[in-house]
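Take a look at the structure set out below.
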Amino acid sequence: MFIRNCWYLAGHSGEIAAGAPLARRLLDEPVVLWRTGAGELVALLDRCSHRMAPLSKGRQEGDTLRCMYHGLRFDSRGACVEAPCQSGIPSNLRVRSFPVVERTGLIWIWMGEAALADPDEVPDFDWLFSPDWTGEPAYMHYEANFELVRDNILDLSHVAFVHGQTLASSDAAATIPPELERFPWGLRLTNWHPNEPLPPHYEGIAPFTGPIDRWFVATAFAKGNVAVIEAGSAPAGEGVILVEAAVDTASGREVASHAAGVSAEYPRLANTLRHCILHVLTPETENSTHYFYNLRRRFALGDEALTRTLAERFETAFLEDKVMIEAQARNIDPDAHMQVIRSDAALLHMRRLTRKMIEQENGSRSGASTRQPKHALA
Amino acid sequence: MFIRNCWYLAGHSGEIAAGAPLARRLLDEPVVLWRTGAGELVALLDRCSHRMAPLSKGRQEGDTLRCMYHGLRFDSRGACVEAPCQSGIPSNLRVRSFPVVERTGLIWIWMGEAALADPDEVPDFDWLFSPDWTGEPAYMHYEANFELVRDNILDLSHVAFVHGQTLASSDAAATIPPELERFPWGLRLTNWHPNEPLPPHYEGIAPFTGPIDRWFVATAFAKGNVAVIEAGSAPAGEGVILVEAAVDTASGREVASHAAGVSAEYPRLANTLRHCILHVLTPETENSTHYFYNLRRRFALGDEALTRTLAERFETAFLEDKVMIEAQARNIDPDAHMQVIRSDAALLHMRRLTRKMIEQENGSRSGASTRQPKHALA
Amino acid sequence: MFIRNCWYLAGHSGEIAAGAPLARRLLDEPVVLWRTGAGELVALLDRCSHRMAPLSKGRQEGDTLRCMYHGLRFDSRGACVEAPCQSGIPSNLRVRSFPVVERTGLIWIWMGEAALADPDEVPDFDWLFSPDWTGEPAYMHYEANFELVRDNILDLSHVAFVHGQTLASSDAAATIPPELERFPWGLRLTNWHPNEPLPPHYEGIAPFTGPIDRWFVATAFAKGNVAVIEAGSAPAGEGVILVEAAVDTASGREVASHAAGVSAEYPRLANTLRHCILHVLTPETENSTHYFYNLRRRFALGDEALTRTLAERFETAFLEDKVMIEAQARNIDPDAHMQVIRSDAALLHMRRLTRKMIEQENGSRSGASTRQPKHALA
């Protein structure tokens, strides 16, 4: 079960080159992503209307995509514009097209009711992809339901155990409770870990040694499974939390970043390492997930070697998550209950929101899938 | 769902050597094929009556096959002739045997009601395996329902797209409609493509360059999924269609080849490259198919190097089909409809015939399997 | 369907090293086996009570095991003793623990109702692991239901066919019927094969050539799927069957070995090669089985090279079984019947006992699983 009427991340811009259609399963439907001659992005159902061959095995011809089984040719809206064996082209040869919006290197797709797709609702990360920040997009595939992956992001207590040799320097992530703010669209988690040793991950990178103040602010949205984690480190006593992901708390819409309004604060941040990681989870199937992330930083902007080093170190850490979560996914007993502890508060809020949004989409039908792990509330 | 009361191709003669039983799943049943001491072919259910071990792991002893689990020994009709641990042999130890006919290198098997098996109904390809023709048998395995593979053969418009770098020289296969004759047993499709460039496949082989006249005549039978494609090429203006596969249009029985009656035509064909490809599809399971083919030619009969070259070139082309059809099979949405275009006429006729024959076998029960792709008639 | 209230073999002692928890699926449940600081064996459900991550990916800390996802820590009885993110620990965080008994290198586990677990019912093989015998434990994994593997052990007629090049020297195993004694807990099969050639397996090992007398006495228990096969070989005319596995025929409990009482017989056995193989089958799932065996011998006790040679030869022979049984498992038609012959008497008795014990455990519910092969009684 998925929320359907929202924007999901379909890919990063660099994944779809001219003339090279990309096949990707999204929300359990096959999608082909390709570009018109002018470079405009197109998303069609990756299944020819005729014999169901994948259009992603097709050949791009100008602004059209030709199925290479029997040669039917489709335009960027999915209309069939040629059927080689006949002159007339009945309208039932159309294939479904999906609204897409490409912005700041992110390709957003609407898999729900097309009439409801509003480009203005596309998450706005212009601030994060402005020249103030640098970094690279990355991708990981998960053999696990998207909620298991999201759970991980929303309970940072795991950092102390899963990432003991990489991201963590102590058990602070597990023992210092975050502040949780619940909203009708998602949540915000604020973690403040003062006076910590330098974690292995920052060795040779940070211009200071330790102890340090660390903080993580996660702003997460149920729609599209988007989470923005703003993290910072500074010499102990100098740390200050500054949040740039600004959200209208009533609507859950990202608004212009705080950054402009708080720029007066920046001098105080001169000695601070600030990261912002955009995590987006798009269901591939009920049991597998596309995990797109963008690791951005607000320091040493021109240092490309550092970009590579950080990409490798974070990939190492995120593979630690993947090993654990895929093992968890294989290990789930659908007849048993997960016992709830305090640190589950955030993930449970998000699971409830998701269930509620699915139910609202489906009207009176229940959104509760039998595949969901059951939770025992203590 | 399969037609059961007809002859299916179980293999090529060269596949079953003396003393080496072959296991092959046919119509979703395990079959062991082996030869008696005199070389006579035997087909038994490949499942010992005792503990269900595969007899194909057994040891041939004279005209019998011994199960190598507990030693039961069976004769060529499936009767148990020895049970080492006891003296009496109850008749319930018999394993099912299947009627088989071996002829011109082809092994035909009857998987239906044994009493209905009539060796006279075995397809007659004596003419094709006469010394007038030469070539080699070949085999390909498909992870796809047999009808998806047959569909491909019956809509040659795919040649222009799937085989653009091999068999096709233009889009003629897609744009020139074939003549379709429908019969109660199958169909005939006649394609005439005059004045074409020489296709890549014939480079270095044809004694002429181009332009050429090309033709393809496909005679296809619902029973046994047999299709004979007679193809020819000649310098433009010299082409002439000559069909040797002769069928009694009422019964669908192959009759003596036309060849004798039309031999007066042969002088006109001196400069013609004539191929005949016998395609036979035998279901392995609902979702996989044995594809047997014989690539025969009526020119350069003694040239064995040419036989090898042609075998390789056609294998390359047929692998292009396999890639597309297996991708199609994985991509089918059982809840959606395939939209029908003009070139589907032949395959739809054959699908309807097949459905009807299955229904007739099953009496009042419907032969429509839910696994069949649905078709939307325009 | 399994008998649950009995001791099953979970592993051999050498498999579980200090600080290295072992994951093993037993009776279709994930189990983690580990040792406390003092080396005591612990078996817990391998699924954290919190988010169901496998505890076998955890870290052992003294006498506790920490889940390395969110850091919950469990003691050897499964009680949660730490939840890093909170102070109180609700009792519902407990994970299930299983009674285990480690004895003579064998780790026995009780997967049923814990209150019924009686350590005195653990099979007693002290005699076999006494200094009178030597040998090594071994393991093989089967993709087959445990009863198919047990069937093989209980019908030694297969030796003549499956092991023709290894264990067998003639068809005696198939043609000389064993004596079968049926008990409410299992059975005993006594095979006596006088005046046989030396089998390939004993070449270069036996201090005699042939002919020889051979015997096999199999004592098998329905509970835990345990079978003890005592085998011997001696120069023809000198063979004598001596059984050391002593069982109280009413209760099925192993009692002190006969050995003490029959030691007066030993001088007669000076020229005899005596083996005892302990076979234990523990269901992994309905369709896969852990096969543990101990190949013990009562000759050349100090010869370690011989231990290796025998281990290799028996592994070769047991792989012959595995190939056949896994082929059988894949080949079973659940809608057909296995036809019964005389040599099935032992395995049928054991299958009936097993069915009856399962039914007794389940009260009025039928213990017959639809996955069981059906038998046609002649």
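The values are calculated or read from the model by the stated rules, or taken from the named source; none is laboratory data. From a predicted model like this one, the values you see are computed outputs, not experimental measurements. No Cβ is skipped: glycine too gets one built from the backbone with ideal geometry, and neighbour counts run over all protein chains shown. Heads up: the accessible areas ignore ligands, DNA and RNA and are worked out on the full protein's heavy atoms, side chains in. Shrake-Rupley method; radii C 1.70, N 1.55, O 1.52, S 1.80 Å.
Summing Lys and Arg as +1 and Asp and Glu as -1 over all other residues whose Cβ lies under 12 Å from the Cβ of residue A:169 gives a net charge of -3. Shown here for the range A:29-99: GluC sites (Glu not before Pro) in loop regions (DSSP other than H, G, I, E, B) with at most 15 other Cβ atoms within 10 Å, namely A:40. Simple spin-label estimate for residue C:336 and residue A:238 gives 7.9 nm between the two label positions (7 Å along the Cα-to-Cβ direction from each Cα). Relative contact order of chain A, taken over Cα pairs closer than 8 Å and 6 or more residues apart, is 17 percent.
The overall shape of the range B:316-366, judged from the alpha-carbon gyration tensor, is prolate: a/c is not under 1.5, and a/b is greater than b/c. Each principal axis of the Cα cloud of the range B:135-251 was evaluated for its coordinate range; sorted largest first, these ranges are 40, 34, 30 Å. Interface B-C: total buried accessible area of about 2400 Å², 1.4 Å probe, protein heavy atoms only. A simple count of charges around residue A:112, restricted to other residues whose Cβ falls under 14 Å of its Cβ and scoring Lys, Arg +1 and Asp, Glu -1, yields -3. Loop-located GluC sites (Glu not before Pro) in the range B:161-256 (DSSP state not H, G, I, E or B) with no more than 12 neighbouring Cβ atoms inside 10 Å: B:203. Assuming a ≥ b ≥ c are the square roots of the Cα gyration tensor eigenvalues, decide whether the protein assembly as shown counts as rounded (a/c under 1.5), prolate (otherwise, with a/b larger than b/c) or oblate. Since a/c reaches 1.5 but b/c is at least a/b, the shape of the protein assembly as shown is classed as oblate. Spatially, the range A:62-126 and the range C:10-27 are offset by 54 Å when compared through their Cα centroids. Between residue C:287 and residue A:175, how many nm apart are label points set 7 Å from Cα along the C-beta direction? The answer from the label model is 4.8 nm. Principal axis extents of the Cα atoms in the range A:102-186, from largest to smallest and rounded to whole angstrom, are 48, 31, 30. Whenever you get a sec, compute what percent of the accessible area on chain C sits on carbon and sulfur atoms (1.4 Å probe). In chain C, the share of accessible area belonging to carbon and sulfur is 51 percent. Partner shielding of C:92-102 amounts to 1, given as the average count of beta-carbon atoms from other chains within 10 Å of each residue beta-carbon. Calculated FRET efficiency, residue A:253 to residue B:308, Cβ-Cβ distance, R0 = 45 Å: about 0.10 to the nearest 0.05. Which of the lysines could a cross-linker span from residue A:223 if the Cα-Cα distance has to be under 25 Å and same-chain partners fewer than 8 positions apart are dropped? The reachable lysines, counting only those whose Cα sits under 25 Å from residue A:223, are A:322, A:356, A:374. Ranking C:251, C:130 from most to least accessible surface, computed with a 1.4 Å probe over the protein chains only, gives C:251, C:130. So if each residue of separation counts as 0.36 nm, and I subtract the Cα-Cα distance between residue A:352 and residue A:315, what length gain in nm does that give? Extending this stretch completely gives an extra 10.3 nm.
Taking every residue in B:59-69 and counting other chain Cβ atoms within 10 Å of its Cβ, the average works out to 2.
Find out how many positive minus negative residues lie around residue A:289, taking Lys and Arg as positive, Asp and Glu as negative, among other residues whose Cβ is under 13 Å from that of residue A:289.
Local charge sum for residue A:289: -4.
Ranked from largest, the principal axis spans of the Cα set of the range C:27-106 equal 42, 29, 21 Å. Mean per-residue shielding of peptide A:339-347 is 6, counting Cβ atoms of other chains within 10 Å of each Cβ.
Expressed as a fraction of 2.2 N^0.38 Å, the value expected for a compact globular protein of N residues, the C-alpha radius of gyration of chain C is 1.06. Label-to-label distance, residue B:87 versus residue C:192, with points set 7 angstrom from Cα along the beta-carbon direction: 2.0 nm. When the Cα gyration tensor is reduced to axis lengths a ≥ b ≥ c, the ratio a/c is 1.5 or higher for the range A:3-70, and with a/b not above b/c it is classed as oblate.
By Kyte-Doolittle mean hydropathy of at least 1.0 and Cα axial length of at least 27 Å, which whole DSSP H helices of chain B are selected?
Details: long enough: B:304-331 (40 Å, -0.39).
Span-like helices here: none at all.
Cβ distances below 4.7 Å define possible disulfide partners, and in the protein assembly as shown the cysteines left without one are A:6, A:80, A:85, A:276, B:6, B:80, B:85, B:276, C:6, C:80, C:85, C:276.
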